[in-house]
Amino acid sequence: MPALIVSFLALLLVLWLLGQPYLSAARRQRIRQRPFPDAWRRVLQGLPCAAELPPELQARLQGHIQVFIADKAFIGCQGLVMNDEIRITIAAQACLLILGSSSAHYQNLREILVYPDSFVVEHEHTDSIGVEHHSRQVLAGESWERGQVVLSWHDTLAGATRTDDGYNVVIHEFAHQLDQEAGSANGAPRLPRREHYTRWSKVLGAEFERLCRVASRHEPSLFDDYGASDPAEFFAVISEAFFEQPQRMLTEHPELYRELKFFYRLDPASWLGASTLTSSQ
Ligand SMILES: [Zn+2]
């Protein structure tokens, strides 16, 4: 009899584990369908990156924001007190990147740490010949593989209000998060099928080399020179341009634009007239 009970409990456990993804998806769907709070709507209406999206994307954005705020912890650092303005401003920009899907939700992300302004990060590492290095950087944002994004509120707000300059720390760090869903950030986020990586690496590889050449000669480019640091930074930098300067990217880098359009399942260049993301260009 005890063996029968143990087997039964084991079966229940297996069924519970198998059912978890469906229960979680159903829970998120219920959250998406809740009425969007008026206080949150007022913050959203003040954000150019969200206020003039096409109507169907605005509705989806509100659903994603509700799930994002229900699921992720917002932690104020250095005395910064979290409020609706901070949470909605971050969530709206982060959820722009997943608007192409009705169910995406940054599955690995648990926490967003928010500093009042840029913050100092110190790293220690030992190189291949055993020499220890110490580095100190002042950052506006950082994305960690273990489910955290760190942001400067000052830079987050600047990115939310200037939507056509190609600089947006939230888009940058959340592009890293998507990249990190497929393992360490390397500029190759999860694509639908194996064969898509061939085209992705061909197009992004050629454009990365091009940016490296341009940056080394100090020539002008649509993309920030920082994108020439490595393929992961390149993906984050071109994602900023994709959402903030889509028409120029489509004109000057059409193949690259098409790869990001395929990955994000969004076409920001077509939002002209419906979105301030493009209306000021
Ligand atoms: Zn980066």
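The values are calculated or read from the model by the stated rules, or taken from the named source; none is laboratory data. Just so you know, these numbers come straight off a predicted model, no measurement behind them. Positions of Cβ are backbone-derived with ideal geometry, glycine not excepted, and every protein chain shown enters the neighbour counts.
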Check on Leu109, within 16 Å of the ligand (Cβ to nearest atom), part of a loop (DSSP other than H, G, I, E, B) and either closer than 20 Å to Leu47 by Cβ or in contact with a strand residue (DSSP E or B) (Cβ under 7 Å, 6 or more places away or on another chain) (or both): yes
Tell me, which residue of the stretch 121-148 that is touching a strand residue (DSSP E or B) at 6+ places or on another chain (Cβ under 9 Å) and aliphatic (A, V, I, L, M) is nearest to Ala91 (Cα to Cα)? Ala140
Ser221 versus (1) of a type in the set (Ser, Thr, Tyr); (2) more than 12 Å from the ligand (Cβ to nearest atom); (3) buried (at least 21 other Cβ atoms within 10 Å of the Cβ): which is the lone unmet condition? (3)
Identify all residues within the stretch 68-86 that are over 17 Å from Val43 (Cβ atoms) and aliphatic (A, V, I, L, M); write none if there are none. Ala73, Ile75
Those helices (runs of 4 or more DSSP H) completely within the stretch 1-61 that have 1 or more residues that are more than 29 Å from Met82 (Cα to Cα) and among the aliphatic types (A, V, I, L, M) are 2-32
Restricting the stretch 131-159 to residues that are out of contact with any helix residue (DSSP H, G or I) (no Cβ under 6 Å at 6 or more places or on another chain) and within 13 Å of the ligand (Cβ to nearest atom), the residue that is farthest from Phe74 (Cα to Cα): Gln137
Contact list please: Cβ distance under 7 Å, first residue in the stretch 165-181 and among the aromatic types (Phe, Trp, Tyr), second residue in a helix (DSSP H, G or I) and within 12 Å of the ligand (Cβ to nearest atom), pairs at least six apart or on different chains. Tyr167/Glu240
(1) more than 19 Å from the chain's Cα centre (by Cα); (2) among the charged types (D, E, K, R); (3) surrounded by fewer than 16 Cβ atoms within 10 Å (Cβ to Cβ); (4) within 24 Å of Leu157 (Cβ to Cβ) all hold for Glu52 apart from (3)
Subset tally (residues that are more than 16 Å from the ligand (Cβ to nearest atom) and out of contact with any helix residue (DSSP H, G or I) (no Cβ under 7 Å at 6 or more places or on another chain)) for the stretch 116-130: 9
Per-region count, the stretch 234-260, residues within 16 Å of the ligand (Cβ to nearest atom), of a type outside the set (Gly, Ala, Ser) and in contact (Cβ under 8 Å) with a residue 40 or more places away in the chain: 6
Identify, by number, the condition in (1) at pLDDT 95 or above; (2) out of contact with any strand residue (DSSP E or B) (no Cβ under 7 Å at 6 or more places or on another chain) that Arg87 doesn't meet. (2)
